[in-house]
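Below is one structure, written out as structure tokens; the observations come after it.
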Amino acid sequence: MIGRYYMLRALKVLKVTAEIFTPYLPMYKPLQEMETPHTQVARRKRISVQEGKHYFVVGKTGMGKTKLIKEMIGKKVSVQPNLNIYHLDTKKRGDFTSADGIMFQTEKAPAAFKTMGNRMVWQPFDDNKNEYSKFFLDILNTGLPSVVNVDEAINMTFGGIDNIPRGLKILLAQGRLPGIHVFGGTQEVARSPRQMHSQAYHVISFNVINDYDERMMLKMLRLNERGMKKLGLKQYEFWHIRPDVDDKAQLYHSWEELVNKII
Ligand SMILES: Nc1ncnc2c1ncn2[C@@H]1O[C@H](COP(=O)(O)OP(=O)(O)OP(=O)(O)O)[C@@H](O)[C@H]1O
Ligand SMILES: [Mg+2]
């Protein structure tokens, strides 16, 4: 009888002790409160990853597209240093060098980076739609926040503005959440991939090559609605619009003005 009494007392003391100390034992903490190396990385990522936004930059040769794009990317990296940067340089005319990233002069698409904060320039030997597709899909599947800069977007079309590498279509459609920003530059809007205009959050236009492109850009910039018949820009000047947000385009006189405002 006495033995049973002490056993019950001992069990009660054990129960109370367990109730008091359980919250302080790491293995009993709720899963979401536990810090592991993985949750630390995820938490840091949540803080520094910006939603992926795409940019479409148009203008005839020498207007300053590459310069503007490089300055925008430079500012983005200063804000978010862990971004991976991929320049796809199909023109290979010296705009991109080893100062812009590790150079790959290959036929096959280089593998996407598995760690953060890297930069590469891919100068493909020739225009191979499958290799382009693999390149973009690999970047998307790796899932790390990145910038993908397609310096001449018309080289992504294969006989029609809707015939582009499948990987590029998917990257443009799905790159937002992993924080992948696609920059597309082009001299000719009429021959560049349709998705690059339609999925662009930012559209930028310097002076363009021909009247057809001029009409397309006036429409995209919503300047035709205001009776404008010409883009009417000086060298290095450009219009900028966020088609989903703005009523009409704004005129900028230098890349500094825009970069400081939108990035
Ligand atoms: N805002 C600017 N102020 C001064 N120089 C500039 C400016 N923008 C561009 N440049 C210079 O003008 C030249 C042409 O610029 P950039 O290469 O950016 O043109 P682009 O539009 O990309 O031409 P392309 O279509 O031939 O590639 C470069 O030497 C660049 O350094
Ligand atoms: Mg250029």
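The numbers here are math on the coordinates, done by the rules we state, and not lab data. Remember, it's a predicted structure, so these values are computed and weren't measured experimentally. Positions of Cβ are generated from backbone atoms using ideal geometry, with glycine treated the same way; all protein chains shown enter the neighbour counts.
Brief remarks on what is shown
- Measuring between alpha carbons in the structure, the pairs from 75/114; 67/91; 65/261; 65/129 lying more than 19 angstrom apart are 75/114; 65/129.
- Taking each residue as 0.36 nm, the span from residue 166 to residue 194 lengthens on full extension beyond its C-alpha to C-alpha distance by 8.8 nm.
- Long-range HN-HN contacts of residue 85 with modeled amide H, under 5 Å: 118, 119, 120, 147
- Estimated vicinal HN-Hα couplings, Hz - the stretch 75-88 in sequence order (Karplus 6.51, -1.76, 1.60; Gly, Pro = x): 5, 4, 5, 5, 7, 9, x, 7, 5, 8, 10, 10, 9, 9
- Rounded FRET efficiency, nearest 0.05, which uses the C-beta distance separating residue 115 from residue 158 and R0 of 30 Å: 0.40
- Rounded to the nearest 20, the Cβ-based charge dipole of the stretch 120-263 about its Cα centre (Lys and Arg +1, Asp and Glu -1) stands at 440 debye.
- Distance from the Cα centroid of the stretch 67-134 to that of the stretch 187-232 is 26 Å (rounded to whole angstrom).
- Cα lying deepest toward the dipole's positive end in the stretch 127-201, options 157, 172, 187, charges on Cβ: 172
- Tensor-based shape of the stretch 94-180 (alpha-carbon gyration tensor, a/c under 1.5 rounded, otherwise prolate or oblate): oblate
- Cβ-to-Cβ counts within 10 Å put 127, 100 in ascending order as 127, 100, the fewest first.
- Across the options 61, 145, 120, the greatest Cα extent toward the positive end of the charge dipole of the stretch 43-170 (unit charges at beta carbon of Lys, Arg, Asp, Glu) belongs to 145.
- Mean separation of Cα contacts under 8 Å (6+ apart) over length of the stretch 141-247, as relative contact order %: 26
- Separation in nanometres of the label points that stand 7 Å from Cα toward Cβ, at residue 253 and residue 177: 4.5
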